[in-house]
Amino acid sequence: MGDACKFALHAVDGRWFSVFASFLIMAGAGATYLFGTYSKDIKATLGYDQTTLNLLGFFKDLGANVGVLSGLLAEVTPTWFVLVVGSAMNFVGYFMIWMSVTQRIAKPAVWQMCLYICIGANSQNFANTGALVTCVKNFPESRGVMLGMLKGFVGLSGAIFTQFYLAIYGTDSKSLILLIGWLPAALSVIFAYTVRERKPERQPNELKVFYQFLIVSIILALFLMAVNIVEKVVDFSKAAYAGSATVVCVMLFIPLIIAIKEDWIQWNLKHQEAMKPATEATAEKKLDITPEVKSEISKEQEEKVQKSCFLTICNKPPRGEDYTILQALLSIDMLILFAATFCGLGASLTAVDNLGQIGESLGYPTKTIKSFVSLVSIWNFFGRVFAGFVSESLLVRYKMPRPLMMTFVLLLACVGYLLIAFPFSGSVYVASVITGFSFGAQLPLLFAIISELFGLKYYSTLFNCGQLASPLGSYILNVKVTGLLYDNEAVKELAKKGLDRSAVKELVCIGVQCFRLPFIVLSAVTFFGALISLILVMRTRKFYSSDIYKKFREIHGVK
């Protein structure tokens with residue numbers, strides 16, 4: 001019994017249990033992708049036009065992508081504190097939205113709703129910073145795979161939440177807002193202490209374990225997609241929804257079995273090592289750090305302490321070294337990434353946020369529109385794990401620059417937008433798949449590129465700064481382009497009937513013309529972003545042709 005308790009403590013304190021806990025936290029961190037499901041309730045209950053709704057969507061994207069606060073907080077506080085702060089923000093933000101939509105409080109002003117959704121969405125960054133950054137630092141040589149897996153669970157969260165809310169609350173989509181208020185908050189609090197940095201070690205079977213996680217997550221994604229298809233054909237009872245939600249729960253906890261198995265292996269290995277006589281020579285060999293390397297590391301650290309971060313802005317280190325925050329933010333590489341992110345993620349967020357209204361304008365029933373949202377969520381997952389695993393494999397085997405895959409992903413997104421601009425029978429299904437896949441692939445690639453080019457020392461702040469362009473792109477493309485053009489078409493329809501805006505509470509546009517011009521613009525902007533990313537491919541080609549993890553292995557003694 002004593003050994004069992006010791007192993008339990010060892011497992012909970014291990015790297016692999018931390019990965020499992022991070023999977024669950026990230027599976028609850030994708031509430032922002034469900035905006036298309038409940039936005040119709042906000043629009044109808046509060047009497048918003050499409051421009052106002054898109055303004056709300058912008059503040060959602062702003063909160064979801066401006067994570068500098070969480071990044072800076074993570075530099076000076078433990079991970080558990082970051083997760084708890086995010087948990088509180090998540091609950092407060094979405095609970096207030098639920099109170100407003102269910103009219104349990106007086107109708108809030110638009111700015112108040114924008115504030116609520118911004119606070120709720122911003123909590124996603126605290127989960128990202130706490131779980132994602134910690135896991136990347138714990139598994140630095142598998143960072144692409146790790147990023148793909150973790151962001152993949154975020155992508156699946158929309159479909160997971162849909163099953164849970166249907167099982168718990170039925171078809172009342174307003175209750176979905178309440179669910180995404182309390183469930184992610186609970187997950188972050190429960191696992192807050194188990195997610196923290198450990199000493200990085202390279203296990204021989206590390207990649208094999210990640211592939212086991214991948215297989216489980218793919219099965220989960222396929223199950224969710226199958227349920228989504230069946231739901232369109234068969235009317236599910238409450239018991240059927242409860243059954244599908246139970247299957248989802250079981251599959252979410254299968255990675256725990258894998259994690260415990262790996263921790264058991266490590267437990268036995270440590271017991272075997274403890275039986276051997278420890279000598280300074282074997283310890284030095286285990287770390288694989290020579291005295292020369294130690295001396296060089298100490299010298300570098302002393303030089304970094306002596307130099308002010310402001311004095312080293314123009315004296316940037318080689319790519320792959322640890323940049324300071326200012327060095328990274330003011331580098332040409334980061335500016336190129338910023339521009340590509342503005343175009344790519346800005347357009348993707350616009351497409352996802354308007355999915356509900358796209359389905360409505362083309363005459364799809366509410367049930368089918370919800371299936372579009374689930375399709376985006378599921379293929380968001382496939383895009384993320386594909387980008388993580390495939391880009392890592394191509395990088396290791398063929399030295400393919402990771403920014404080149406970003407270029408291909410942006411070109412694919414253009415196809416999805418054109419399918420919405422020029423719809424035909426069933427085209428929105430295909431567009432949902434393409435948009436979800438391309439949207440999902442962009443974030444792991446962006447985060448991996450930032451970690452590789454600028455190092456891991458200030459990664460908590462840098463990866464949050466790297467996605468700042470997406471809310472700006474979302475504001476311009478969503479509010480100032482898509483929302484205004486949609487409303488103009490809706491007003492034209494009213495004028496044809498001899499009515500004006502004051503004659504209706506909710507401004508609705510029906511027809512293929514509603515989103516045609518906006519999505520032509522999105523396609524053109526995304527194509528421009530693909531061209532910009534090609535510049536980064538050319539600039540980093542030499543860097544990616546080298547062994548980018550070599551120095552890390554020397555410094556940390558990772559085999």
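The values are calculated or read from the model by the stated rules, or taken from the named source; none is laboratory data. Values in this document were obtained by computation on a predicted structure and should not be read as measured data. No Cβ is skipped: glycine too gets one built from the backbone with ideal geometry, and neighbour counts run over all protein chains shown. Protein only, heavy atoms only, side chains kept; ligands, DNA and RNA dropped before computing areas. Shrake-Rupley method; radii C 1.70, N 1.55, O 1.52, S 1.80 Å.
Within region 1-47, can you find the residues that are open to solvent by less than 30 Å² (accessible area, probe 1.4 Å), farther than 22 Å from residue 152 by Cα and of a type in the set (A, V, I, L, M)? Residues satisfying the conditions are 11, 42, 46. In region 363-382, the residues that are surrounded by fewer than 24 Cβ atoms within 10 Å (Cβ to Cβ) never reach a residue that is not in a helix (DSSP H, G or I) with C-beta atoms less than 6 angstrom apart, at least six apart or across chains. In region 435-488, which residues are crowded, with 24+ Cβ neighbours inside 10 Å, closer than 19 Å to residue 391 by Cα and aliphatic (A, V, I, L, M)? Matches in region 435-488: 441, 443, 445, 446, 448, 449, 453.
Of 516, 541, 501, which residue is of a type in the set (D, E, K, R), open to solvent by 70 Å² or more (accessible area, probe 1.4 Å) and either within 30 Å of residue 141 (Cα to Cα) or touching a strand residue (DSSP E or B) at 6+ places or on another chain (Cβ under 8 Å) (or both)?
Numbers: 516 fails: either within 30 Å of residue 141 (Cα to Cα) or touching a strand residue (DSSP E or B) at 6+ places or on another chain (Cβ under 8 Å) (or both); 501 fails: either within 30 Å of residue 141 (Cα to Cα) or touching a strand residue (DSSP E or B) at 6+ places or on another chain (Cβ under 8 Å) (or both).
The conditions single out 541.
Residue 400 fulfils the conditions (1) in contact with a Phe, Trp or Tyr (Cβ under 8 Å, 6 or more places away or on another chain); (2) part of a helix (DSSP H, G or I) except for a single criterion, (2).
Just checking, which of 221, 186 is open to solvent by less than 30 Å² (accessible area, probe 1.4 Å), under 30 Å from residue 117 (Cβ atoms) and aliphatic (A, V, I, L, M)? Walk me through it before giving the result.
Working: 186 fails: open to solvent by less than 30 Å² (accessible area, probe 1.4 Å).
Selected residue: 221, the only one of 221, 186 that is open to solvent by less than 30 Å² (accessible area, probe 1.4 Å), under 30 Å from residue 117 (Cβ atoms) and aliphatic (A, V, I, L, M).
For region 14-56, a residue qualifies if it is part of a loop (DSSP other than H, G, I, E, B), under 25 Å from the mean Cα position of the chain (by Cα) and modelled with pLDDT under 85, and the qualifying residues are 14, 30. Considering only region 111-154, how many residues are more than 28 Å from residue 18 (Cα to Cα) and touching a residue at least 60 places away in the same chain (Cβ under 8 Å)? The number of residues fulfilling the criteria is 2.
Taken over region 463-502, the residue count meeting the criterion of being basic (Lys, Arg) and in a loop (DSSP other than H, G, I, E, B) is 1.
Give the residue that is nearest to residue 217 (Cα to Cα), with candidates limited to residues of region 383-425 that are among the polar types (S, T, N, Q) and open to solvent by 10 Å² or more (accessible area, probe 1.4 Å). It would help to see each step written out before you state the result.
Step one: list which residues in region 383-425 are among the polar types (S, T, N, Q), which gives 391, 393, 407, 425.
Still in the running and open to solvent by 10 Å² or more (accessible area, probe 1.4 Å): 393, 425.
Values: 393: 19, 425: 31 Å.
Among those residues, the one meeting the criterion is 393.
Can you find a residue that is open to solvent by less than 50 Å² (accessible area, probe 1.4 Å) and at pLDDT 70 or above anywhere in region 270-292? The answer is no, given that none of the residues of region 270-292 is open to solvent by less than 50 Å² (accessible area, probe 1.4 Å) and at pLDDT 70 or above.
Residues in region 188-208: is at least one closer than 30 Å to residue 102 by Cα and touching a residue at least 12 places away in the same chain (Cβ under 8 Å)? Checked region 188-208: at least one residue is closer than 30 Å to residue 102 by Cα and touching a residue at least 12 places away in the same chain (Cβ under 8 Å).
For the condition of a type outside the set (Asp, Glu) and either farther than 20 Å from residue 537 by Cβ or in contact with a Lys or Arg (Cβ under 9 Å, 6 or more places away or on another chain) (or both), what is the one hit in 409, 376, 396?
Values: 409 fails: either farther than 20 Å from residue 537 by Cβ or in contact with a Lys or Arg (Cβ under 9 Å, 6 or more places away or on another chain) (or both); 396 fails: either farther than 20 Å from residue 537 by Cβ or in contact with a Lys or Arg (Cβ under 9 Å, 6 or more places away or on another chain) (or both).
On inspection, the qualifying residue turns out to be 376.
Within region 71-115, the set of residues being surrounded by 14 or more Cβ atoms within 10 Å (Cβ to Cβ), among the β-branched types (Val, Ile, Thr) and within 23 Å of residue 172 (Cβ to Cβ) comprises 92, 97, 101, 102.
Which residue, of 326, 419, 335, is touching a helix residue (DSSP H, G or I) at 6+ places or on another chain (Cβ under 7 Å) and in a helix (DSSP H, G or I)?
On the way: 326 fails: touching a helix residue (DSSP H, G or I) at 6+ places or on another chain (Cβ under 7 Å); 335 fails: touching a helix residue (DSSP H, G or I) at 6+ places or on another chain (Cβ under 7 Å).
Result of the check over 326, 419, 335: 419.
Out of 110, 136, 101, report the one residue that is under 18 Å from residue 451 (Cα atoms) and of a type in the set (A, V, I, L, M). Testing whether each residue is under 18 Å from residue 451 (Cα atoms) and of a type in the set (A, V, I, L, M) leaves just 136.
Quick check on this structure: which one of 203, 212, 163 is closer than 24 Å to residue 448 by Cα and at pLDDT 85 or above?
Result: 212 is the single residue among 203, 212, 163 that is closer than 24 Å to residue 448 by Cα and at pLDDT 85 or above.
For region 339-355, a residue qualifies if it is surrounded by fewer than 24 Cβ atoms within 10 Å (Cβ to Cβ) and more than 17 Å from the chain's Cα centre (by Cα), and exactly one does: 339.
Taking residue 151 as the residue in question, decide whether it is under 24 Å from residue 388 (Cα atoms) and in contact with a His (Cβ under 9 Å, 6 or more places away or on another chain).
Values: under 24 Å from residue 388 (Cα atoms): yes; in contact with a His (Cβ under 9 Å, 6 or more places away or on another chain): no.
No; evaluated as a whole, the condition is false for this residue.
From the list 111, 98, the lone residue that is in contact with a helix residue (DSSP H, G or I) (Cβ under 7 Å, 6 or more places away or on another chain) and either more than 21 Å from residue 443 (Cβ to Cβ) or assigned to a loop (DSSP other than H, G, I, E, B) (or both) is 98.
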